[in-house]
Amino acid sequence: MAHQTFFKSDMETRVEVALAREAEEDRVERHYNKEIDDRDGRQCRACGKRTNPDALGLLRGHRAHIVYASAGGGMEPSNRVTLCPGCHSAEHGNRLRFS
């Protein structure tokens, strides 16, 4: 049986804990994003336009929440869809309707 110590220097710091949590959240999000890309084929679910994963910033496809995160929606693929930048903008302006 290993000897356990209880010295403060042996404990993880709050920064180390936060960095580990952030790294795990990033890993999970990358996994979910791959699932979304595979499911949607990198194609806008509203208009059908192909998105460009190699584009920079807002020109690439967006993985948009169906239920906003601020309203309790999660990051899982069942709550996110691929939208082109134009449709994502329209969705935030309440001008996009899914059929």
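Where nothing but the Cβ of Lys and Arg (+1) and of Asp and Glu (-1) is charged, how large is the charge dipole of the chain around its Cα centre, in debye to the nearest 20?
620
Give the range of the longest stretch in the chain that excludes all trypsin sites (Lys or Arg not before Pro) found in loop regions by DSSP and having at most 10 other beta-carbon atoms within 10 Å.
The reported range is 1-94.
Quick one: Karplus J couplings for the range 33-44, per residue in order, coefficients 6.51, -1.76, 1.60, θ = phi - 60°, nearest Hz, x for Gly and Pro?
Working through the residues one at a time gives 4, 5, 4, 5, 4, 5, 5, 8, x, 6, 10, 4 Hz.
Provide the solvent-accessible area of M11, counting protein heavy atoms only and rolling a 1.4 Å probe, rounded to the nearest 10 Å².
About 120 Å², ignoring ligands and nucleic acids.
Once you put a point 7 Å from the Cα of E24 and another 7 Å from the Cα of Q43, both along the Cβ direction, what distance in nm separates them?
Placing both labels 7 Å beyond Cα along the Cβ direction yields 3.7 nm.
Sort D10, D40, D26 by accessible area with a 1.4 Å probe, largest first.
Final ranking, largest accessible area leading: D10, D26, D40.
Quick one: if the Förster radius is 41 Å, what FRET efficiency do H31 and D10 give, using the C-beta to C-beta distance and rounding to 0.05?
The value I calculate is 0.80.
Provide the solvent-accessible area of E29, counting protein heavy atoms only and rolling a 1.4 Å probe, rounded to the nearest 10 Å².
Only protein atoms counted, so the area is about 70 Å².
Among (1) 14.0; (2) 13.7; (3) 15.9, which is the computed Kirkwood radius over Cα pairs in Å?
The calculated read-out lines up with (3).
Nearest 500 deg cm²/dmol is fine: what mean residue ellipticity at 222 nm does the chain get from its DSSP H runs of n ≥ 4 alone, each adding -39,500 (n - 2.57), divided by its residue count?
Here the helix-only value at 222 nm equals -12000 deg cm²/dmol.
The values are calculated or read from the model by the stated rules, or taken from the named source; none is laboratory data. From a predicted model like this one, the values you see are computed outputs, not experimental measurements. Cβ: placed from backbone, ideal geometry, glycine included. Neighbour counts: every protein chain shown. Note: accessible area is taken over every heavy atom of the protein model, side chains too, but ligands, DNA and RNA are not part of it. Shrake-Rupley method; radii C 1.70, N 1.55, O 1.52, S 1.80 Å.
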